[in-house]
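S.K.: Here it is, the structure in full.
Taken together, the values in this text are just the output of simple stated rules run on the coordinates, not laboratory data. These numbers were taken from a predicted model, which means no experiment stands behind them. Because the Cβ atoms are built from the backbone with ideal geometry, glycine has one as well, and the counts that use them run over all protein chains shown.
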Ligand code: UD1
């Protein structure tokens, strides 16, 4: 297992190219299963989750022709229904996204219950609920999700009790096969949902309202060959923005879009970070002190749970005390004991962390536990005095393309070593 050795205390300066969004790419790869016509995806991030998702659809018979590291043509003409087994789906939760396309196109799906980040209970009940509302029978049986719709899906009203990103995507993909109009009510509005709608539209689907809480889809779809450019990763951009802030440096994030970074950009600015658009993306700079700011995670356009751990690392060196409340996932505070090992002063009270800023952090050996927790430890290590060793780097490889190299190019002292 690889480790990262970080010698902290260097200001980061330079340019970071923001990769395609992992969380947009994953549903788009799953969507390839819907169509008998080829789908070419460009701007795919070269991360382990994408490789894994490609191998999942590959197991279902999708032919994959990669062109370089960031483009792939997915041809599901000869795809078939087969069981998506535990050894492939266990690695990440997003594999549940093949459920909707399989049941829609083939009338049945057998998918193992997924694994993924260890961030508390991550149920899939809403995915089953939306499929049931479209006329499928969907249940969990012996660790498998079993869904069927022998006479096809029927359009109608799909009501989500909460705006789950994944369940919205499952509903959108399944509804492309449903007869008549489907209206998804209380849909998630995340940019990744909007990008899935753009991808499905390029493939032939008729979709309205993506980006609002009401999405309508008129099915069934006449499929056509398509090409889609995945949006830039707003979480990667937010992470590098915090890297600039925590080291007191300045970074240009090429490809990053301010409109996708609404709440985190505003909060970083209030904390003392300057963020402004450039011709190529965004410039992020910090000159003075970082002030403590309270944050609550929310669905888009609120502050994303996927930036909570990184923001906590920043608050650990802020001037003052901040409270960080996590409302999306339970148990998403695995980084807290590790940040504390580096001298952070954090108290947990249920779903709220109280972070008392300290003048500095001290390097220490720490353990990565999930994707975003791991990167928060890297950020803390960049700011800390002395050496930080981040173990279990494979968590980072799931979602950050070339993290160590991108940081080194901007002046960080990071070495990746093999045990
Ligand atoms: C997606 C992102 C993930 C991000 C999350 C919230 C991908 C691949 N992953 O995950 O990085 O942290 O959105 O922005 O896009 N829930 C249920 N039942 C379900 C589904 C979800 O109770 O069937 C709950 C979850 O446990 C969680 C909340 O709903 O508490 C939000 O989850 P959801 O929006 O579905 O997240 P994901 O799509 O899994």
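S.K.: Determine, for each peptide in 248-261, 100-113, the mean count of other beta carbons within 10 angstrom over its residues, then list the peptides with the highest first. Please list the in-between numbers first.
M.R.: Working: 248-261: 20.3, 100-113: 23.1.
Ranked from most to least packed, the peptides come out as 100-113, 248-261.
S.K.: Nearest 5 is fine: what % of DSSP beta bridges in the range 22-229 come out antiparallel, could you say?
M.R.: Percentage antiparallel, nearest 5: 75.
S.K.: Here is a further query. Step by step: find N for the range 1-80, compute 2.2 N^0.38 Å, then divide the Cα radius of gyration by it. What's the final number? Please report the intermediate quantities before stating the final value.
M.R.: Numbers: Rg = 16.3 Å, N = 80, 2.2 N^0.38 = 11.6 Å.
Ratio of Cα Rg to 2.2 N^0.38 Å: 1.40.
S.K.: Per residue of the chain, what 222 nm ellipticity follows from adding -39500 (n - 2.57) for every DSSP H run with n ≥ 4, rounded to the nearest 500?
M.R.: Working: 14 runs with 129 residues, N = 419.
Per the formula, -9000 deg cm²/dmol.
S.K.: Please give the peptides 3-12, 65-74, 238-247 ranked by average Cβ packing (other Cβ atoms within 10 Å per residue), highest first, as a rough proxy for protection.
M.R.: 238-247, 3-12, 65-74
S.K.: Let me ask you something else. On the principal axes of its Cα set, how long, how wide and how thick is the range 112-252? Give whole Å, largest value first.
M.R.: Sorted from largest, the Cα extents of the range 112-252 read 60, 37, 26 Å.
S.K.: Mind running the shape call on the range 295-412? Use the C-alpha gyration tensor, a ≥ b ≥ c as the square roots of the eigenvalues: rounded below 1.5 for a/c, prolate if a/b tops b/c, oblate otherwise. Mind dumping the intermediate values first?
M.R.: On the way: a/c = 1.67, a/b = 1.21, b/c = 1.38.
Verdict is oblate for the range 295-412.
S.K.: How much of the DSSP bridge set in the range 1-143 is antiparallel, in percent, rounded to the nearest 5? Please report the intermediate quantities before stating the final value.
M.R.: Details: 8 of 9 bridges.
Of the beta bridges lying entirely in the range 1-143, close to 90 percent run antiparallel.
S.K.: Round to a whole angstrom and tell me the spacing of the C-alpha centers of the range 367-410 and the range 213-251.
M.R.: The range 367-410 and the range 213-251 have Cα centres spaced 21 Å from each other.
S.K.: Relative to the first principal axis of the alpha-carbon coordinates of the chain, what is the inclination of helix 165-175, with its axis defined by its Cα atoms, in degrees from 0 to 90 and to the nearest 10?
M.R.: 20 degrees
S.K.: Diagonalise the Cα gyration tensor of the chain and give the resulting equivalent ellipsoid semi-axes, square root of 5 times each eigenvalue, largest first, whole Å.
M.R.: Working through the eigenvalues yields semi-axes of 38, 21, 20 Å.
S.K.: Right, something else. Could you tell me how far the Cα centroid of the range 300-327 sits from the Cα centroid of the range 1-31, in Å?
M.R.: So the two Cα centres are separated by 19 Å.
S.K.: Continuing with this model, one more query. Based on the alpha-carbon gyration tensor of the range 38-105 and its eigenvalue square roots a ≥ b ≥ c, which shape applies: rounded if a/c is under 1.5, prolate if not and a/b is larger than b/c, or oblate?
M.R.: Numbers: a/c = 2.00, a/b = 1.23, b/c = 1.62.
Taking the square roots of the gyration eigenvalues as a ≥ b ≥ c, the range 38-105 is oblate.
S.K.: Turning to a different aspect of this structure: Treating the angle as unsigned and between 0 and 90°, give the value, to the nearest 10°, between the Cα long axis of helix 191-202 and the longest Cα principal axis of the chain.
M.R.: Compared with the principal axis, the helix lies near 40 degrees.
S.K.: Now, a different point. Order the peptides 266-278, 170-182 from the highest to the lowest mean number of other Cβ atoms within 10 Å of their residues.
M.R.: 170-182, 266-278
S.K.: With the radius of gyration and the Kirkwood radius both derived from the Cα set of the range 22-229, what is their ratio Rg to Rh?
M.R.: 0.92
S.K.: For the chain, give me the percentage of DSSP beta bridges that are antiparallel, rounded to the nearest 5 percent.
M.R.: About 70 percent, rounded to the nearest 5.
S.K.: Here's something else I'd like to know. For helix 262-271, report the angle its Cα long axis makes with the longest principal axis of the Cα atoms of the chain; keep it between 0 and 90° and round to the nearest 10°.
M.R.: Taking the Cα atoms of the chain, the angle to 262-271 is about 10 degrees.
S.K.: Further question: At q = 0.18 Å⁻¹, work out log10 I(q)/I(0) for the range 355-408 with the Debye formula, treating every Cα as an identical point scatterer and leaving solvent out; two decimals please.
M.R.: -0.59
S.K.: Here is a follow-up. Thinking of the range 191-268 as a set of Cα atoms, what percent of all their pairs are more than 19 Å apart? Working shown, then result.
M.R.: Working: 1502 of 3003 pairs.
Result: 50 percent of Cα pairs exceed 19 Å.
S.K.: How many angstrom separate the Cα center of the range 35-74 from the Cα center of the range 128-180?
M.R.: 24 Å
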